[in-house]
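Asker: Pasting a structure below so you can have a look.
The values are calculated or read from the model by the stated rules, or taken from the named source; none is laboratory data. All values reported here derive from a predicted model rather than from experimental measurement. So basically every Cβ, Gly included, is an ideal-geometry build from the backbone, and we count neighbours across all protein chains shown. To get the accessible areas, we keep the full protein, side chains included, count just its heavy atoms, and leave off ligands, DNA and RNA. Shrake-Rupley method; radii C 1.70, N 1.55, O 1.52, S 1.80 Å.
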Amino acid sequence: MQERLMSLQSEAVEKIEKAESLKGLQDIRVEYLGKKGPITEVLRGMGKLPAEERPKMGQLANDVREVITKKVEVKQEQLEREALDQQLSSETIDVTLPGSPVRKGNAHPLTSVVEEIEDLFIGMGFTIAEGPEVETDYYNFEALNLPKNHPARDMQDSFFITEDLLLRTQTSPVQARTMEKHEGKGPVKIISPGKVYRRDTDDATHSHQFMQIEGLYVDKDVRMSDLKGTLTMFAQKLFGEEREIRLRPSFFPFTEPSVEVDVSCFKCNGKGCSICKRTGWIEILGAGMVHPNVLEMAGFDSKEYTGFAFGMGPERIAMLKYGIDDIRHFYANDIRFLEQFKRA
Ligand code: 2NL
């Protein structure tokens, strides 16, 4: 039995040394040390030995098991190390190779222009106000001095959802809501950029969905000169320090008096060119002093408070600034168009 154990040991050790894979090594371990293996078998046969030999044989069998176990462990470590070395050398990465370039996106030109305008007004103490794009008839029309059957409602053909709900045709309802929240106390000094909707047939200068930025400043003693100063600053920051603005009388139901605002042409400096259609002036926005009815409906005492308001189309501003000839470019998502407006 002793010889049998010794030859099992040397047989196993030899096989272990020759093992070439972890799987092969596991198989050898199971073959010799497993429940059905020869060592277990020898231990089971101990019962047949004379009692005085059993401890010695038991000890020897355990020693053999120990030797084999240890050998397997050592071999396993060796094989694992070799496998790792192999993997490391086959997967070497040359960190000095040039990387594959990542395509960098850029802000949409309309986003850039809107953010630029927002920053200008934030710099003058305005805050940004937002509101729902689905509006009630009250905030979109009524609160802006456009009562039902007012002829000016025809000027804006709207997308109605129900008799009382529509997609807002301007961002003024945001201003009306904000004024209401102030409960008759000034100052209210906000701009409201956002999407608006009108039932228009899309062409080079019209879109059924577009953006608007409106501004509103309500306080005691707000005057037309404040409007002119604010808009002069705006025009100069956006189109150049040499710009002048000019106010022409106009009409909006929500302002009185109302004006159309022109900026001196940034291309020809007022001499007359194709951009300004030889007039030297370019129309950039509409504005006026807030109509007393609008102030009263929003909870302000129009004897105590006055205000100015204005509205502009950022698409139009962006088209002028970048020489874009068709408003539909903004919504077509053509990467060849969009990529031309990377910011420095
Ligand atoms: C334009 C003209 C304008 C306003 C918008 C306004 C808002 C309130 C009260 C009074 Cl809550 N006015 N907004 C005023 C004048 C002109 O927009 O041509 N937009 C593109």
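Asker: Could you please give the count of residues in region 181-192 that are within 13 Å of the ligand (Cβ to nearest atom) and either farther than 16 Å from I128 by Cα or in a loop (DSSP other than H, G, I, E, B) (or both)?
Answerer: Total meeting the criteria: 1.
Asker: Restricting region 295-322 to residues that are under 27 Å from the mean Cα position of the chain (by Cα) and of a type in the set (G, A, S), which is nearest to the ligand (Cβ to nearest atom)?
Answerer: Among them, the one singled out is G311.
Asker: On the given criteria, is L88 surrounded by 14 or more Cβ atoms within 10 Å (Cβ to Cβ) and not β-branched (V, I, T)?
Answerer: Considered against the rule, which asks whether it is surrounded by 14 or more Cβ atoms within 10 Å (Cβ to Cβ) and not β-branched (V, I, T), L88 comes out as no.
Asker: Of all the residues that make up region 198-208, how many are open to solvent by 30 Å² or more (accessible area, probe 1.4 Å) and within 14 Å of the ligand (Cβ to nearest atom)?
Answerer: Looking only at that region, the number is 4.
Asker: Considering only residues that are assigned to a loop (DSSP other than H, G, I, E, B) and within 12 Å of the ligand (Cβ to nearest atom), look in region 114-140 and name the one that is most open to solvent (accessible area, probe 1.4 Å).
Answerer: Filtering region 114-140 for residues that are assigned to a loop (DSSP other than H, G, I, E, B) and within 12 Å of the ligand (Cβ to nearest atom), the one most open to solvent (accessible area, probe 1.4 Å) comes out as G131.
Asker: With respect to Q78, is the statement that it is closer than 30 Å to K18 by Cα, in a helix (DSSP H, G or I) and open to solvent by 70 Å² or more (accessible area, probe 1.4 Å) true?
Answerer: no
Asker: Same structure again: Quick one: in region 252-281, which of the residues that are β-branched (V, I, T) and outside any strand (DSSP E or B) is modelled with the lowest pLDDT?
Answerer: I275
Asker: Do you know which of the residues in region 212-248 that are part of a strand (DSSP E or B), more than 27 Å from G323 (Cβ to Cβ) and within 13 Å of the ligand (Cβ to nearest atom) is most open to solvent (accessible area, probe 1.4 Å)?
Answerer: Result: Y217.
Asker: Same structure again: If the requirement is being crowded, with 21+ Cβ neighbours inside 10 Å, in a loop (DSSP other than H, G, I, E, B) and either in the same structural domain as D221 (by TED's automatic domain parsing) or basic (K, R) (or both), which of these qualifies: Q175, Q170?
Answerer: Sole residue among the options that is crowded, with 21+ Cβ neighbours inside 10 Å, in a loop (DSSP other than H, G, I, E, B) and either in the same structural domain as D221 (by TED's automatic domain parsing) or basic (K, R) (or both): Q170.
Asker: May I ask you to list the residues in region 174-213 that are touching a helix residue (DSSP H, G or I) at 6+ places or on another chain (Cβ under 7 Å) and charged (D, E, K, R)?
Answerer: R177
Asker: Another one. Quick check: anything in region 282-303 assigned to a strand (DSSP E or B), of a type in the set (S, T, Y) and either in the same structural domain as P187 (by TED's automatic domain parsing) or open to solvent by 20 Å² or more (accessible area, probe 1.4 Å) (or both)?
Answerer: No, region 282-303 has no match at all.
Asker: When region 255-273 is examined, which residues are found to be within 16 Å of the ligand (Cβ to nearest atom) and either buried (at least 22 other Cβ atoms within 10 Å of the Cβ) or basic (K, R) (or both)?
Answerer: Within region 255-273, T255, V259, V261, V263 meet the criteria.
Asker: While we're looking at this one, here's another question. Looking at K195, is it open to solvent by 20 Å² or more (accessible area, probe 1.4 Å), within 21 Å of V294 (Cα to Cα) and more than 13 Å from the ligand (Cβ to nearest atom)?
Answerer: no
Asker: Let me ask something else about it. Residues in region 69-83: is at least one of a type in the set (G, A, S) and either within 16 Å of the ligand (Cβ to nearest atom) or without any contact (Cβ under 8 Å) to a residue 24 or more places away in the chain (or both)?
Answerer: No, there is no match, as no residue in region 69-83 is of a type in the set (G, A, S) and either within 16 Å of the ligand (Cβ to nearest atom) or without any contact (Cβ under 8 Å) to a residue 24 or more places away in the chain (or both).
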